[in-house]
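Here's the structure we're looking at; comments come further down.
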Amino acid sequence: MDKLFLGIDLGTSCVKTVLWNPESNIIQVASCNYPSILPSSLKVEQNPDDWYRALKTSIKLLLNKSDINIQRLEGISITGQMHGLVLVDEEGNFIRNAIIWSDQRSKCQVTDFYNGFGANNYIKITGNPLSSGFTLPSWLWIMENEKDISKNTFKILLPKDYLRFKLTRTYYSDPSDAVSTGLFDVNECVWSQAILDFINLKNELLPEVKGSFFNAGKLKEDVAKDLGLSPAINVYIGGGDTPVQAFGQGIDSKGTLSIGISSGGNIIGLSDKPIIDSKGRVHCMNYLFPNSWYSMGAIMSAGDSMEWFRQNFFPHLQTKDLIKIASKAGLSPKLFFLPHINGERTPYMDPEATGMFLGLSMDNHLGDIVRSIMEGVCFSLRICFDILIDIGIEFNTMIASGGGTKSDFWMQLLTDTLNFPITKSDMENSSAFGAAMIAAIGSGSITKEDIKNSMRNHSKKTFFPNKEMAKYYQKKYERFIEIYPLWNQTSNESH
């Protein structure tokens, strides 16, 4: 009897579920959306109950679509949005909405922490510059502004770890997600005692850290009944969505860069030792396997930039319609878009960075404007790309995935901007698929080598740089990287 594995991806806007049969390599996919809550400017939260409701709906859709015998389901694993803050009481009930990764309220907490602990010291321990939206500054904000909440907190959890707790009633995290809290020692692969002592945070408030393939327990009977599944199913820990997405693309060792264009955007490269950027421009994090790390450049608003523009100005059109219009537009060498509509990470680590159009004229039309948005995202990813090269990340191939890569036009823009061939993964739901693979490996049903052989059968499309367009975008990129410093200086002088 063929075994099946369920991968769950708790994303920023929806839960995606993937049902995978390793023997036939058949994949079924379902999803269910949920909203973000915006209490005020800079604040972004979500209701964890919405996550579970969306998971239940998604699994129901998946099982109806698949028409399977649930007794064949051997294991489950979860990936999800990183950095977030979920606080629960002794009964395991969340005691406030989750603060998610895109929240920008904690700039003052980051500054105060750096002033006391030391930025260089912090980066040496964690491998990461500290940013608003990380668990650490969000917790410091709670301690300062919601003291009753902090006093009643029994556990501090990441989003995917909370969802897994709902399934198993066990508290765990894994290195690839724990490192995104800002509380983890990237070198020693443990919670940093120095940081915990400095902020007076007790170890028992944090979950135990185990490997991504560790069995966290079986589905609780009441949960299994509610989800329409068997209580005999094992649930494996999983990992953060960025590394699991890379794993879902078949990346398990250095040599290949992974590019993601979703709500945000990132480029990551694996290494067999932690490569920490002393300038704090990119992140160094633990990967899914022991003695494996990755460096990551991240931008806050990739797909979100397109969605912001669509919702506010052309809500009657779909994103694909706007991209089609942009694909017919000519070149606009003087038109730029700075995609910092929700602050920015690489390389500025500035939660108050703002976006802008520059160089608009009466000659510009809708297609030119949309194309400039897509170019702005590509230029921001080029900054990440250049820094990874600068710190010594080794690679010879690049694979891209995420919603933005569905557009061949956007893929070609990115390829020309980076001036390097990029292969588009045909795995549209690589994070959820990566989680399903973790469950399969954790169960002992398959090995990493089995997965490598399976991935070779996936058809992929490779984009190659157009020499003339690469020259054009090199010149435009050199002008693009001058915009933020000048705009930031002007903006600061006006206050």
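Between CYS384, CYS378, which is touching a helix residue (DSSP H, G or I) at 6+ places or on another chain (Cβ under 6 Å) and not basic (Lys, Arg)?
That would be CYS378, the only listed residue that is touching a helix residue (DSSP H, G or I) at 6+ places or on another chain (Cβ under 6 Å) and not basic (Lys, Arg).
Pairs under 7 Å by beta carbon, first residue in contact (Cβ under 8 Å) with a residue 60 or more places away in the chain in region 471-486, partner assigned to a helix (DSSP H, G or I) and of a type outside the set (S, T, N, Q), six or more apart or different chains?
These pairs meet every condition: TYR473/ASP416; TYR477/PHE379; TYR477/ARG382; PHE480/PHE379; ILE481/ILE383.
Could you tell me whether VAL110 is surrounded by 23 or more Cβ atoms within 10 Å (Cβ to Cβ), part of a helix (DSSP H, G or I) and either out of contact with any strand residue (DSSP E or B) (no Cβ under 8 Å at 6 or more places or on another chain) or at pLDDT below 95 (or both)?
When the stated conditions are applied, VAL110 passes them.
For region 287-330, which positions are in a strand (DSSP E or B) and either within 21 Å of LYS406 (Cβ to Cβ) or not assigned by TED's automatic domain parsing to the domain that holds LEU366 (or both)?
Of everything in region 287-330, those that are in a strand (DSSP E or B) and either within 21 Å of LYS406 (Cβ to Cβ) or not assigned by TED's automatic domain parsing to the domain that holds LEU366 (or both) turn out to be ALA298, ILE299.
Go through region 128-191 and tell me which helices (runs of 4 or more DSSP H), entirely inside it, have 1 or more residues that are within 21 Å of the chain's Cα centre (by Cα) and not acidic (Asp, Glu).
Those helices (runs of 4 or more DSSP H) span 135-145, 159-168, 175-178.
Hey, among the residues in region 12-34 that are at pLDDT below 95 and under 28 Å from TRP139 (Cβ atoms), which one's nearest to the chain's Cα centre (by Cα)?
THR12
Is there a residue being without any contact (Cβ under 8 Å) to a residue 12 or more places away in the chain, in a helix (DSSP H, G or I), surrounded by fewer than 17 Cβ atoms within 10 Å (Cβ to Cβ) and of a type in the set (A, V, I, L, M, F, W, C) anywhere in region 357-365?
no
Given the criterion in a helix (DSSP H, G or I), surrounded by 14 or more Cβ atoms within 10 Å (Cβ to Cβ) and under 19 Å from the mean Cα position of the chain (by Cα), identify the matching residue among LEU61, LEU55.
Numbers: LEU61 fails: under 19 Å from the mean Cα position of the chain (by Cα).
It is LEU55.
Looking at region 219-246, which of its residues are of a type in the set (D, E, K, R), surrounded by fewer than 19 Cβ atoms within 10 Å (Cβ to Cβ) and in contact (Cβ under 8 Å) with a residue 40 or more places away in the chain? Talk me through it step by step, then tell me what you get.
At the first step, the residues of region 219-246 found to be of a type in the set (D, E, K, R) are 220-222, 225-226, 241.
After this cut, where a residue has to be surrounded by fewer than 19 Cβ atoms within 10 Å (Cβ to Cβ) as well, the list is 220-222, 225-226.
Result: LYS220, ASP226.
Out of GLU74, GLU91, I need the residue that is outside any strand (DSSP E or B), charged (D, E, K, R) and either on the phi < 0 side of the Ramachandran plot or modelled with pLDDT under 90 (or both). Which one? Lay out the reasoning, then the answer.
Working: GLU74 fails: outside any strand (DSSP E or B).
Answer to the selection: GLU91.
Of the conditions (1) free of Cβ contacts under 8 Å to residues at least 40 places away in the same chain; (2) within 21 Å of ILE142 (Cβ to Cβ), LEU206 satisfies every one except a single condition; which number is it?
Exception for LEU206: condition (1).
Filter region 114-131 down to residues that are small (Gly, Ala, Ser) and within 20 Å of THR346 (Cβ to Cβ) and give me whichever is surrounded by the fewest Cβ atoms within 10 Å (Cβ to Cβ). Outline the logic, then answer.
First, the residues of region 114-131 that are small (Gly, Ala, Ser): 116, 118-119, 127, 131.
Retained after the next criterion (residues that are within 20 Å of THR346 (Cβ to Cβ)): 119, 127, 131.
Details: ALA119: 15, GLY127: 23, SER131: 26.
Among them, the one singled out is ALA119.
Please determine whether any residue of region 331-349 is in contact with a Pro (Cβ under 6 Å, 6 or more places away or on another chain) and at positive phi.
yes
The values are calculated or read from the model by the stated rules, or taken from the named source; none is laboratory data. From a predicted model like this one, the values you see are computed outputs, not experimental measurements. Glycine gets a Cβ as well: all are built from the backbone with ideal geometry, and neighbour counts include every protein chain shown.
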